[in-house]
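The values are calculated or read from the model by the stated rules, or taken from the named source; none is laboratory data. This is a predicted model, so every value here is computed, not measured. A quick note on method: Cβ atoms are made from the backbone with ideal geometry, for glycine too, and the neighbour counts reach across all protein chains shown.
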Amino acid sequence: MNKTLYGGAPLFAALDILDFLRRNGDSLSELLEGIAGDRGLDLYLGTDRLLDSQSPDPARVGKALREIRDLLEAAGVPDDRFAAPLRWHWARLTDFVARLPG
């Protein structure tokens, strides 16, 4: 089995995302569930599981974050309680995605 090992900047980006989710995961998971139901929550939990190791795979984390970011983008900007959190989380995730392979 060939497995690409990442270190350096991509690994640090994945660890930064872990920190981000620890601080902002409640609001992100609530947002994802609110705009996409179980699918959004499943994407969040899957990403959290990917990060729940000592050395998360940045490529897999990047793929998962892109799915979440794309889901937020597809939701547009609703005129309700999700508007501000949607824009804020989308911007943060876009910044993280730019730092990850994939």
If you check 60, 99, which single one turns out to be without any contact (Cβ under 8 Å) to a residue 24 or more places away in the chain, closer than 19 Å to residue 8 by Cα and touching a helix residue (DSSP H, G or I) at 6+ places or on another chain (Cβ under 9 Å)? 60
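Residue-wise test of (1) of a type in the set (D, E, K, R); (2) assigned to a helix (DSSP H, G or I); (3) modelled with pLDDT of 95 or more.
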residue: 34; (1), (2), (3): no, yes, no
residue: 42; (1), (2), (3): yes, yes, yes
residue: 54; (1), (2), (3): no, no, no
residue: 64; (1), (2), (3): no, yes, yes
residue: 77; (1), (2), (3): no, no, no
residue: 80; (1), (2), (3): yes, no, no
residue: 89; (1), (2), (3): no, yes, yes
residue: 94; (1), (2), (3): no, yes, yes
Checklist (1) surrounded by 13 or more Cβ atoms within 10 Å (Cβ to Cβ); (2) within 15 Å of residue 18 (Cβ to Cβ) applied to residue 35, failing item: (2)
Please go through the stretch 31-65 and pick out each residue that is under 24 Å from residue 83 (Cβ atoms) and over 13 Å from the mean Cα position of the chain (by Cα). 33, 34, 35, 36, 37, 38, 39
Tell me yes or no: at least one residue of the stretch 8-22 is closer than 19 Å to residue 102 by Cα, over 15 Å from the mean Cα position of the chain (by Cα), in a helix (DSSP H, G or I) and touching a residue at least 40 places away in the same chain (Cβ under 8 Å). yes
